[in-house]
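To keep things clear, I will list the structure first and then write my remarks on it.
None of the figures in this text is laboratory data; all of them are computed from the coordinates on show. Since the model is a prediction, treat every value here as computed from it, not as a measurement. Here the Cβ positions follow ideal geometry from the backbone for every residue, glycine too, while neighbour counts run over all protein chains shown.
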Amino acid sequence: MKSDAAIITERIEKLFKRAPKTIYKIECVNDRFDRTYNFFFEEHPKGKRPHSTPLHTVERYEIAYLEQLIKQIRQKTQLTIYFAGFTGQHWPYAQTMIQKKPIPNEYKLDED
């Protein structure tokens, strides 16, 4: 069975077209209700609406595992990775903040 990193990078390679005047990024979303991490591939051509494509859902809900997964993805691609739902959390090994400030309309942890 393929690893999560292999599945994500394989799908990124299929979607990344290197079109001119287009912004590409990867988004990792913390779904704390389902206890999963969801990855999306986003492309935004200049003058057009952005388009988001689901890449993969990681069932293993451990922040240390996610840190290693992100490291493997960054070795394979130079695309920027954005995080949502991680406000105030730190990577266990690197000890840096995952997401510095919440994105608009993001569910805040202190609202439980």
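Structure values in brief
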| read-out | value |
| --- | --- |
| Most fluctuating residue given options Lys100, Lys48, Lys76, as computed from a GNM of the chain linking Cα atoms under 10 Å | Lys48 |
| Cα lying deepest toward the dipole's positive end in the chain, options Tyr82, Tyr24, Gln95, charges on Cβ | Tyr24 |
| Cα-based equivalent ellipsoid, the range 4-111: semi-axes from gyration tensor eigenvalues, Å | 23, 17, 13 |
| The chain - mean residue ellipticity at 222 nm from DSSP helices (-39,500 (n - 2.57) per run, n ≥ 4, rounded to 500) | -7500 deg cm²/dmol |
| Subset of Lys14/Lys71; Lys48/Lys101; Lys25/Lys76; Lys17/Lys101; Lys46/Lys76; Lys25/Lys48 violating a 24 Å alpha-carbon distance limit | Lys48/Lys101; Lys17/Lys101; Lys46/Lys76 |
| Diffusion constant of the range 18-68 at 25 °C, which comes from Stokes-Einstein with the Kirkwood Cα-pair radius and 0.890 mPa s, µm²/s | 200 µm²/s |
| Between 0 and 90°, nearest 10: helix 63-76 axis offset from the chain longest Cα axis | 20 degrees |
